[in-house]
Every structure is written in C-alpha cells, then in structure tokens.
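One structure is given below, encoded as structure tokens.
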Amino acid sequence: MAVTGAGPLAGVRVVELAGIGPGPFAAMLLADLGADVVRVDRPGGGGLAIDPAYDVTNRNKRSVLVDLKSPEGPGLVLDLVERADVLIEGFRPGVAERLGVGPADCHARNPRLVYGRMTGWGQDGPLAPTAGHDIAYIAVTGALGMIGTPDGPPAVPANLVGDYAGGSLYLVIGVLAALQHARTPGGAGQVVDAAIVDGAAHLTAMIHGMMAAGGWQDRRGTNLLDGGCPFYGTYETSDGGYMAVGALEQQFYDTFTALLGIADRAPARKDPARWGELREAVAARFKSRTRAEWTVVFEGSDACVAPVLSLREAPQHPHLAARDTFTDFGGITQPAPAPRFSATPASLRSGPAQPGADTASVARDWDVPGLTGKGEGA
C-alpha cells in the first residue's frame, strides 16, 4: 500500500529532484499536507552541509538514489514521472533538459504532469544563467533595502523573505493551482516558473501602492511598518532583551501607553515631527524593567506588545505551546505542519528521509522495479 499519509493532499504523488533551499522546503510543505513525496537524491549527497538526519525540510518524504548522469538515470526518473502528479526541480535553466528530464521529456511520458521549476532569477532574463542566493534576489527587488535602520546597512532577514516566502510558497501556490487545472475537464499539465525575484517583488505589492499614494517614503526606517514609527518597532529592556510593539490603531495605542506608564506625557502620535521625542520616552520606560517583567505587564492585553524570543525560547511560549505550534519528533524540536485543516488534518509521519533509504518501498508502491536494479532499464 502506498504511503500517502493524512492531509488534504493524500493521494497526490510528487517527484522532487534533490537540491537545497526553497525546492526542498516546498516539497516538505506538500509532504506535510499528505502528498507522497519521493526525493530523488544523487549518490554522494548534495544537500545541506549537516547530518541528513537533522534536515527537517526532508521530513515526511521518501528517498531514492538515482545518478542522473548515468545511462539509466534519466529513464528511472521518467518512470517515476509517468506515475506522478507533480515534479519539482531547482536546477539552473537548461540543466534538467541536458539531463534528459526537462519539461518536454516529462510531458512526453505524462501530459498531465505539473512541472514546478524553482530558481532565483527565473527561466529567462539576462541573469537567468548566473548563480545567486537569497540575499541577491531580495536585494534587486527592493525588499532588502526596506529592512533596517535609516542610518545603518540593510538588515539580512536570514533566508526567510527570498528562499521561503518569495520562493517556496509561490512555487507551492503555483503547483496547486496548476494541479487543479490539470484535473479539470480539458485540463493539461504545464510548467510553473517560480522565480524568487518574482515572488519577493510580489510581496511588496502593498508597499508600492502606498508609495504611489504618497504614504510611503522610499528609504528604510522612516515609515509606518519598517521601524520608523515609534509605536511599531522593538525596544531594549533592562536585561538586554527586547519587546516588539505594534500598537498602530488608536485604541491599541491608548492601551499601550497606559500600560507602559506614559499616557499622561506621550507626545501626539499623529505628529511625525515629534516621533523622535516619543521614541525616547518609550525607550526609556522599556529600559526600566526586564523583558520578563514587561511581558507580564502586557500579557493578555490589546496593547499589541510581545517579547522578542529566540528560536530556542519560542516553543515554550504559552500560546504556541497551547496550540502545539512546535512539536518534538525524532528527537528534534521543529515547527508542526501548517496551516490547519478541520476535516483533513496534516501530520508529521516520518523524520528526515535518509538518502536512498526508501528505494525498495518506492519501487514497490510506484511500480518502478528498475530503482532496485531488478527491472528493465536497470
């Protein structure tokens, strides 16, 4: 019996050509939602530079080893493709075609296949053939330049904005939309070109509208949502911790200033000319107590204030703990599958797939005996 697990995508079969970054994360999300994801690993590795047992982006998947540069490699992948609904690859443009597993090769075997392509620059354009990483992609879209203080360099948001928000999530949206089309009467498979530059640019849509309307300055640290506003930012506490403040609306701001203890002397919030004065007053108050003490003060209120927690601290936050936002699986604390479904809940069914460990079960369940060297093309 095929291992499809629970979740709304149970029964969907996905082939993932191994890579790093946004492709594996997108495939993990599909796997979390119940898809049977088979990761095609290359002999000798090529994943993250950590023990594969800790690469949680490969959880809920199965792995087979295929050398795409061997004579039989492309044929084995195409055998899987023939039985799949989706393929995900993150090669540079033209590489999959040279390996014999490009869209034309795959669609010749399976016309209804959704072929998901994950790149930074996209499949065309002057930079398409060049190397890059998250930081470069978000740099040219304007997203990186928005983050940080006005008198300092742009702040690097790990690889969350580019790889995962602008890349993985847009690839998943595109794949699911294309899958819906492929399954409608008259529908067919197609190629989904998910470029991080496109997705990261798309994330700035609201900001571009605000800028056109004169409500956003094109320089960081001077606007309502980029730390320029004194009631939307972070403040240091007496013990070196930080509190995050997002008291934008008047009623939340009133609660915030009352609990902070400056309601009687806070400068007018709607006067940007006095924002510097207001920031100093807020900063001075936060420096008078520890992060834990301020957390108690604001807890349960509508002041829109929260402690800034570390990655290790986050799972212990009472709200996240109550919702089981994080889970311990296989000895690794990690985020639980998201989002949540009332009728088809997603689940964590297995830990990170070890390269090649599932060859026998995939060969059986997908009826591709060549994977084990026992069928034609082996």
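The values are calculated or read from the model by the stated rules, or taken from the named source; none is laboratory data. Not measured: the values here are computed from a predicted model. Note that we place each Cβ from the backbone using ideal geometry, even for glycine, and neighbour counts take in every protein chain shown. Protein only, heavy atoms only, side chains kept; ligands, DNA and RNA dropped before computing areas. Shrake-Rupley method; radii C 1.70, N 1.55, O 1.52, S 1.80 Å.
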Evaluation of ARG274 against (1) of a type in the set (Lys, Arg); (2) within 35 Å of the chain's Cα centre (by Cα); (3) within 20 Å of PRO150 (Cβ to Cβ) (one fails), failing number: (2)
For residues in the range 71-96 being closer than 24 Å to GLY166 by Cβ and assigned to a helix (DSSP H, G or I), which is most open to solvent (accessible area, probe 1.4 Å)? VAL95
Please indicate, with yes or no, whether at least one residue in the range 163-177 is open to solvent by 20 Å² or more (accessible area, probe 1.4 Å), under 20 Å from LEU9 (Cβ atoms) and in contact (Cβ under 8 Å) with a residue 60 or more places away in the chain. yes
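Residue-by-condition table, conditions (1) assigned to a helix (DSSP H, G or I); (2) closer than 30 Å to ASP254 by Cα:
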residue	(1), (2)
ALA283	yes, yes
ARG289	no, yes
TRP294	yes, yes
GLY300	no, yes
SER361	yes, no
Out of VAL297, VAL282, VAL305, which single residue is β-branched (Val, Ile, Thr), open to solvent by 30 Å² or more (accessible area, probe 1.4 Å) and either under 13 Å from PRO230 (Cβ atoms) or in contact (Cβ under 8 Å) with a residue 24 or more places away in the chain (or both)? VAL297
Could you list, in sequence order, all residues of the range 97-116 that are surrounded by 24 or more Cβ atoms within 10 Å (Cβ to Cβ) and closer than 22 Å to GLY132 by Cβ? TYR115, GLY116
Of PRO337, PRO352, PRO345, which residue is surrounded by fewer than 17 Cβ atoms within 10 Å (Cβ to Cβ), touching a residue at least 40 places away in the same chain (Cβ under 8 Å), over 30 Å from LYS287 (Cβ atoms) and not hydrophobic (A, V, I, L, M, F, W, C)? PRO345
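Considering ASP254, ASP271, which residue is charged (D, E, K, R) and either surrounded by 13 or more Cβ atoms within 10 Å (Cβ to Cβ) or over 25 Å from GLY221 (Cα atoms) (or both)?
None of the others qualify; the one that does is ASP254.
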Considering residues of the range 118-149 that are open to solvent by 40 Å² or more (accessible area, probe 1.4 Å) and not hydrophobic (A, V, I, L, M, F, W, C) only, the residue farthest from ILE20 (Cα to Cα): THR149
Six or more apart or on different chains, Cβ under 8 Å: which pairs go from a residue in the range 120-142 that's more than 17 Å from VAL161 (Cβ to Cβ) to one that's among the polar types (S, T, N, Q)? Could you list them? ALA128/THR119
Looking across the range 322-356 at residues that are part of a loop (DSSP other than H, G, I, E, B) and among the β-branched types (Val, Ile, Thr), the single one that is nearest to ALA10 (Cα to Cα) is THR344
Checking the structure you have, find out if any residue of the range 57-66 is more than 22 Å from SER347 (Cα to Cα), assigned to a helix (DSSP H, G or I) and open to solvent by less than 30 Å² (accessible area, probe 1.4 Å). no
Going through the range 207-217 one residue at a time, which ones are surrounded by 12 or more Cβ atoms within 10 Å (Cβ to Cβ) and either closer than 18 Å to ASP271 by Cβ or without any contact (Cβ under 8 Å) to a residue 60 or more places away in the chain (or both)? HIS208, MET210, MET211, TRP216, GLN217
